[in-house]
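Asks: This structure is in structure tokens; I'll ask about it shortly.
The values are calculated or read from the model by the stated rules, or taken from the named source; none is laboratory data. Here the structure is a predicted model, which is why all the values come from computation and not from measurement. Cβ sites come from the backbone with ideal geometry, for glycine too, and all protein chains shown count toward neighbours. We work out accessible area using only protein heavy atoms, side chains counted, and drop any ligands, DNA or RNA first. Shrake-Rupley method; radii C 1.70, N 1.55, O 1.52, S 1.80 Å.
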Amino acid sequence: MKITVEFGGGAELLFDNKKHYDVELPENTEWTLGRLLFWLKDNLLKERPELFLQDNSVRPGILVLINDTDWELMDTVKYEIQPNDSILFISTLHGG
Amino acid sequence: MPFCSTNCGNKAILKRPKTGDTLCKECFFEAFENEIHFTIERAKLFRPGATVAIAASGGKDSTVLAYVLKLLNEKYKYNLKLLLLSIDEGITGYRDDSLDTVKQNRDDYEMPLKILSYKDLYGWTMDEIVAEIGRKNNCTFCGVFRRQALDRGAHLLKVDYLATGHNADDIAETVLMNILRGDLARLSRCTAITTDSGDGIPRVKPLKYTFEKEIVMYAYFRKLIYFSTECVFAPNAYRGHARILLKDLEKIDPSIIMNIIQSGEDLKVNENAKIPTLTRCTRCNYVSSQDVCKACILLEGLNKGLPRLGIGKSSKVKRLLQENEEKETNRLVCNGKDNTCICKNSKVPIIK
């Protein structure tokens, strides 16, 4: 299943400073967003996983948008990923 | 997928942390901007016709502040003259890049921009300061110097107000920090929407009630360009702890942010509590709660090769400054071996 994963607001710093990834997920299972988080940690994350994940979700302060919609409207980690979805992670914790 | 709470018929794009409302993009823009407008109106934040310097770092908060102030100024005819004021701390790979973002703001929002550097104001860049002090207390220098630099910039530009991008999360975080430190003087004034640093130029916080999540969402949906790289020097650890605690609490219930701000606002400080009175620094004439302001103490430490002066208790600093002055009047000449000399040739560090 093909999806795109994007990072912004400083979250990209944990992912090789790349803001855009085209991702091909293995088809043998149902993909929830929660499962994707761990897949990202194991496959794309380059450093400091504790700045990305906390207690089976993203670290508080990281916003998640699914196809440009706040994941809080889409069941957060329980959302079932569909082909061609675009998942964006924006950190609110950087800058100033 | 839910629809917009306003019954406009559009698909919702976000859940508001403050109210739990689900809003579509257009209704979110309107709610976000109107709330800031009401904050400005209710507090009578600006006098019509005034000149306002926006403290601009190129980050999300000041970028959104500049954008929204320009928009509201035109929409509601505040009749304000807006300009951007930036501080160049001299941090290679961080501030030099973020200043490019501020220059973009200047062009996009058609506002004049003034950049003041630590090097010009204090004779030291942050790169040079970190080379002296290391990476432990560097944020103290940067914070003290920046605050004063912004005030000096506001003076130089002869503005009527200095607007900063502090948001609701920042203020709640500061309330928590001041409680954790037992700093009543700061606790009692950190929630004020307008503060006067004693020089007649009020500092105002139009985003005081605006949540960080909404600022980032607003910047994203408005496609505003901002700079989001972490400072190359270690982030302020103490604020970091307060921030993590707050973000964890916010996850449980976002209204905790507003509750903390409200607690800070409503808190009455015991009349018997010792609150330092504001006076003027005997050296630079800047507003200070001590005879010599923090910036001057830090600067003296740097210039005399004692960079740790000013880190820690003010009573200790007072004693050291006095000793230092006595020594200077006695005109002691350092031979590099004298254990009592405070110069950098001394083998024994006076402060530990």
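Asks: Could you sort the peptides A:5-15, B:165-175, B:275-285 by per-residue average Cβ neighbour count (10 Å cutoff), highest mean leading?
Replies: Values: A:5-15: 21.1, B:165-175: 24.3, B:275-285: 12.8.
Peptide ranking by packing, descending: B:165-175, A:5-15, B:275-285.
Asks: Calculate how steeply helix B:237-252 sits against the longest principal axis of the alpha-carbon atoms of chain B, using the helix alpha-carbon long axis, and give the answer as 0 to 90 degrees to the nearest 10.
Replies: Result, in degrees: 20.
Asks: What do you get for the angle between helix B:314-330 and the principal long axis of chain B? Use alpha-carbon atoms, 0 to 90 degrees, nearest ten.
Replies: 40 degrees
Asks: Let me ask something else. Rounded to the nearest whole Å³, what is the per residue volume of the convex hull around the Cα atoms of chain A? Can you show the working numbers first?
Replies: Working: hull volume 9.0 nm³, N = 96.
Dividing the Cα hull volume of chain A by its residues yields 94 Å³.
Asks: Shifting gears a bit: Step by step: find N for chain B, compute 2.2 N^0.38 Å, then divide the Cα radius of gyration by it. What's the final number? Let's see the in-between values first.
Replies: Numbers: Rg = 22.4 Å, N = 352, 2.2 N^0.38 = 20.4 Å.
It is 1.10.
Asks: OK, next. If you take the charge dipole of chain B about its Cα centre, with +1 on Lys and Arg Cβ and -1 on Asp and Glu Cβ, which of B:Ala295, B:Val130, B:Leu309 is farthest toward its positive end?
Replies: The one lying farthest along the dipole's positive direction is B:Leu309.
Asks: Something else: Sort B:Lys44, B:Lys70, A:Lys19 by accessible area with a 1.4 Å probe, largest first.
Replies: B:Lys44, A:Lys19, B:Lys70
Asks: Can you compute 3J(HN,Hα) from phi for each residue in region B:109-126, using the Karplus curve 6.51 cos²θ - 1.76 cosθ + 1.60 with θ = phi - 60°, rounded to whole Hz and x for Gly and Pro?
Replies: Once rounded to whole Hz, the list reads 9, 6, 10, x, 10, 10, 10, 10, 10, 4, 4, 5, 6, 10, x, 10, 8, 4.
Asks: Sort B:Arg243, A:Arg35 by heavy-atom solvent-accessible area, probe 1.4 angstrom, most to least.
Replies: On the way: B:Arg243 45, A:Arg35 115 Å².
Ranking B:Arg243, A:Arg35 by accessible area, largest first, yields A:Arg35, B:Arg243.
Asks: Would you mind checking the tilt of helix A:33-43 against the longest principal axis of the Cα atoms of chain A, expressed as 0 to 90 degrees and rounded to 10?
Replies: On a 0 to 90 degree scale, this one is about 70.
Asks: Restricting the count to DSSP beta bridges whose residues both fall in the protein assembly as shown, what percent are antiparallel, rounded to a multiple of 5?
Replies: Working: 23 of 43 bridges.
Restricted to the protein assembly as shown, the bridges split so that about 55 percent are antiparallel.
Asks: From Cα pairs below 8 angstrom and at least 6 apart in sequence, can you work out the relative contact order of region B:47-266, rounded to a whole percent? Walk me through the intermediate numbers first.
Replies: Details: 316 pairs, mean separation 54.7, N = 220.
Relative contact order here is 25 percent.
Asks: Please compute the length gained on full extension between B:Asn34 and B:Arg47, using 0.36 nm multiplied by the number of residues separating them and subtracting their Cα-Cα distance. Display every interim value, and only then the final one.
Replies: Values: separation 13, 0.36 × 13 = 4.68 nm, distance 1.87 nm.
The B:Asn34-B:Arg47 span can extend by a further 2.8 nm.
Asks: Take the residue pairs B:Lys15/B:Lys44; B:Lys60/B:Lys119; B:Lys18/B:Lys205; B:Lys11/B:Lys205; A:Lys2/A:Lys41 and return only those whose Cα atoms are more than 21 Å apart. Before the final figure, lay out the partial values.
Replies: Details: B:Lys15/B:Lys44 29 Å; B:Lys60/B:Lys119 25 Å; B:Lys18/B:Lys205 18 Å; B:Lys11/B:Lys205 32 Å; A:Lys2/A:Lys41 18 Å.
Exceeds cut-off: B:Lys15/B:Lys44; B:Lys60/B:Lys119; B:Lys11/B:Lys205.
Asks: ³J(HN,Hα) across region A:85-90 via Karplus (A = 6.51, B = -1.76, C = 1.60, θ = phi - 60°), whole Hz, x for Gly/Pro?
Replies: These are the phi-based 3J(HN,Hα) values: 4, 10, 10, 10, 10, 10 Hz.
Asks: At a probe of 1.4 Å, how much accessible area disappears from chains A and B on forming the pair, both sides counted, to the nearest 100 Å²? The partial results should precede the final answer.
Replies: Details: alone 5650 and 18500 Å², together 21980 Å².
Rounded to the nearest hundred, the buried surface is 2200 Å².
Asks: Continuing with this model, one more query. When ligands, DNA and RNA are left out and all protein chains stay put, how many square angstrom of accessible area per residue does region B:43-154 have with a 1.4 Å probe?
Replies: On the way: 4530 Å² over 112 residues.
Per-residue accessible area for region B:43-154 comes out at 40 Å².
Asks: A further question on this structure: How large is Rg/Rh for the protein assembly as shown, to two decimals, with Cα atoms and a Kirkwood Rh?
Replies: Working: Rg = 24.2 Å, Rh = 24.1 Å.
Across the protein assembly as shown, the Cα-based Rg/Rh ratio is 1.01.
Asks: For the protein assembly as shown, with all protein chains present and a 1.4 Å probe, just round the carbon and sulfur fraction of the accessible area to a whole percent. Walk me through the intermediate numbers first.
Replies: Working: 10940 of 21980 Å².
Here it works out to 50 percent.
Asks: So, one more: Place the peptides B:125-133, B:258-266 in order of packing, highest mean first, counting for every residue the other Cβ atoms within 10 Å and averaging per peptide.
Replies: B:125-133, B:258-266
Asks: Residue by residue through region B:217-223, which ³J(HN,Hα) values in whole Hz follow from phi under the Karplus form 6.51 cos²θ - 1.76 cosθ + 1.60 (θ = phi - 60°), with glycine and proline marked x?
Replies: Taking θ as phi minus 60°, the curve returns 5, 4, 4, 5, 6, 7, 6 Hz for region B:217-223.
Asks: With every protein chain present, what is the per residue accessible area of region A:2-91 (1.4 Å probe, Å²)? Intermediate results must be reported in sequence, preceding the final value.
Replies: Numbers: 4340 Å² over 90 residues.
Roughly 48 Å² per residue, with all protein chains present.
Asks: Right, here's the next one. Residues in region B:122-137, backbone N under 20 Å from the label point at B:Arg186 (7 Å along the Cα-to-beta-carbon vector): list them, ranges by number please.
Replies: Residues passing the 20 Å test: B:135-137.
Asks: Sticking with this one: Return the long-range amide H neighbours of B:Ala163 (sequence gap of 5 or more, or a different chain), with a cut-off of under 5 Å between placed amide H atoms.
Replies: B:Ala53, B:Ile54, B:Ala55, B:Val204
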